[in-house]
């Protein structure tokens, strides 16, 4: 939790620094804003175990905060901090901190698209010994959001891992992709 608090504070300070240098020549809609989000988190883990390959799917939740920093009328950068928890096995949940950086662009009225890199930090897997697991994973995501009412958004994004959660030599690995669907409120 200390890491989450530190990362959140760092994110807010960074956004404030960017906001002080903003050029307001392109309208009142283009100001730095903050928001919160929560929703459904679905993981798909590709498991390779001694020559036997299979896919495990499980559900969970995510909650987080974001800062939207406009760069023009149609583009913005949105760093986020998201905590997610999903089932890993029968008795244990996998807890992660996601740090995505979205490059957002306007598609049409109230629709926005986004794409970007994402880093994930493994916090723990219940009672499972995580010494063999990677504590940091990297990947990319893309998605879309729709503003259903002023300040309220529905969004969806798949995440594709480029690195493995577990890589314990030939024949033993875990690679995790996620799908997040949820609501956001932008202040």
For this session: Can you run down the residue pairs with Cβ atoms below 8 Å, 6 or more apart or on separate chains, where the first is in the range 168-187 and surrounded by fewer than 16 Cβ atoms within 10 Å (Cβ to Cβ) and the partner is assigned to a loop (DSSP other than H, G, I, E, B)?
Result: 168/132; 171/50; 171/51; 172/50; 185/151; 187/151
Seminar exercise, completed: Checked the range 77-127 for anything closer than 21 Å to residue 31 by Cα and in contact with a helix residue (DSSP H, G or I) (Cβ under 7 Å, 6 or more places away or on another chain); matches are 79, 81
Seminar exercise, completed: Inside the range 149-165, the number of residues satisfying the requirement of being in a strand (DSSP E or B) and surrounded by 18 or more Cβ atoms within 10 Å (Cβ to Cβ) is 5
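One line per residue, one yes/no per condition, for (1) surrounded by 15 or more Cβ atoms within 10 Å (Cβ to Cβ); (2) out of contact with any strand residue (DSSP E or B) (no Cβ under 6 Å at 6 or more places or on another chain); (3) at negative phi:
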residue: 43; (1), (2), (3): yes, no, yes
residue: 54; (1), (2), (3): no, no, yes
residue: 65; (1), (2), (3): yes, no, yes
residue: 68; (1), (2), (3): yes, no, yes
residue: 82; (1), (2), (3): yes, no, yes
residue: 91; (1), (2), (3): no, yes, yes
residue: 108; (1), (2), (3): no, yes, yes
Seminar exercise, completed: When residue 130 is run through (1) surrounded by 14 or more Cβ atoms within 10 Å (Cβ to Cβ); (2) modelled with pLDDT of 95 or more; (3) over 18 Å from residue 44 (Cα atoms); (4) out of contact with any helix residue (DSSP H, G or I) (no Cβ under 9 Å at 6 or more places or on another chain), the failure sits at (2)
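The values are calculated or read from the model by the stated rules, or taken from the named source; none is laboratory data. Predicted, not measured: the structure shown is a model, and the values here were computed from it. For neighbour counting, all protein chains shown are included, and Cβ atoms are generated from backbone atoms with ideal geometry for every residue, glycine included.
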